[in-house]
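Have a look at the structure below, then the notes.
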Amino acid sequence: LTCYDALAIFYLGKNVAYRRTALASFIGYTFSNNLGFALLTGSSVRYRLYSIWGLAPSEIAQLVVFCSITYFLGLFLVGGLSLVYAPPPLGADFPVELPAMALESVGIISIGSALLYLFLPLFWRKPLVFKGVEIKTPHFGISLTQYVIAALDLVFMCAVFYALLPPENIPPFPLVLTCFLFGNLIGVLLHVPGGIGVFELVVTYLLKDYVPGPQLLGALIAYRVVYYFLPFALALLLFGGYELLRTVQRVNTNLQ
């Protein structure tokens, strides 16, 4: 997660120490993951911290948009590959009857959409406009790194959940990855804080024929605690400690 902000800072050509970008990235992503409404939570944290460290509001806006683009590039690429090579098992009780190649077709379109960004600078020189913020098309090396960072992030996220599944009833990792990404995507599209409830419902439905319900529910609860709640508690301590430290420093400066 910290690599998202670090790459964005490099893209902007700014000199911010990694320890600072790591702090802002960890707190920002943890807040937005748990509270939802990323523009009000994670982005506010980033604005607070990066403005202290010398970035202009327009640069912070570009950083936030750059990180969002990076995430969705990874989601389209990894999700598309998962749909092509390990489509989720949609049972007979699925509310919509889909053609046999429907999911694979969606996966191919997702992969193509993600890769289009990589070659965009070859035929589109104007800045991209995303949510009113202009983003200059990055060079090939930065674009390629965006894919790598986002792909690793999503695979590692799923690996946390996969490690918590019961070893005696564990499906293949590519299948779990597809179901995991599909649950995350639905949660993001519905703007549910942390995808709570939605993510669990989707993953439970897709993996119900592979993992018994009680064991799957236990793994989902453990994942929620490990990946969401514990980092959120740590982020609160870090952010509160940082603000307290700044307050003490200001008081000491005024006394001098």
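The values are calculated or read from the model by the stated rules, or taken from the named source; none is laboratory data. All values derive from a computational prediction rather than experimental measurement. Neighbour counts run over all protein chains shown; Cβ positions are idealised from the backbone, glycine included. Side chains are part of the model used for accessible areas, which takes the heavy atoms of the whole protein and leaves out ligands, DNA and RNA. Shrake-Rupley method; radii C 1.70, N 1.55, O 1.52, S 1.80 Å.
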Notebook entry, point to check: Restricting the first residue to segment 166-193 and requiring it to be within 16 Å of Asn34 (Cβ to Cβ), which pairs with a second residue that is open to solvent by 50 Å² or more (accessible area, probe 1.4 Å) meet a Cβ separation below 8 Å and a spacing of at least six or different chains?
Noted result: Gly187/Ile196; His191/Phe37; Pro193/Leu35; Pro193/Phe37
Item checked: Subset of segment 184-213 that is open to solvent by less than 20 Å² (accessible area, probe 1.4 Å) and either modelled with pLDDT of 85 or more or more than 15 Å from the chain's Cα centre (by Cα) (or both) - its residue that is farthest from Phe31 (Cα to Cα) -> Val211
Item checked: Output for segment 1-16, where each listed residue is part of a loop (DSSP other than H, G, I, E, B) and among the small types (Gly, Ala, Ser) -> Gly13
Margin query: Given the criterion exposed (fewer than 15 other Cβ atoms within 10 Å of the Cβ), assigned to a helix (DSSP H, G or I) and either free of Cβ contacts under 8 Å to residues at least 12 places away in the same chain or not acidic (Asp, Glu) (or both), identify the matching residue among Ser51, Ser32.
Written below: Ser51
Notebook entry, point to check: Given Lys126, Lys136, which one is over 12 Å from Phe66 (Cβ atoms) and out of contact with any Gly (no Cβ under 7 Å at 6 or more places or on another chain)?
Noted result: Lys126
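Regarding Val84, is this residue among the aliphatic types (A, V, I, L, M), modelled with pLDDT under 90 and under 28 Å from Tyr29 (Cα atoms)?
Considered against the rule, which asks whether it is among the aliphatic types (A, V, I, L, M), modelled with pLDDT under 90 and under 28 Å from Tyr29 (Cα atoms), Val84 comes out as no.
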Note to self: Just the residues that are crowded, with 19+ Cβ neighbours inside 10 Å and of a type in the set (S, T, N, Q), please, taken from segment 9-29.
What the structure shows: Thr21, Ser25
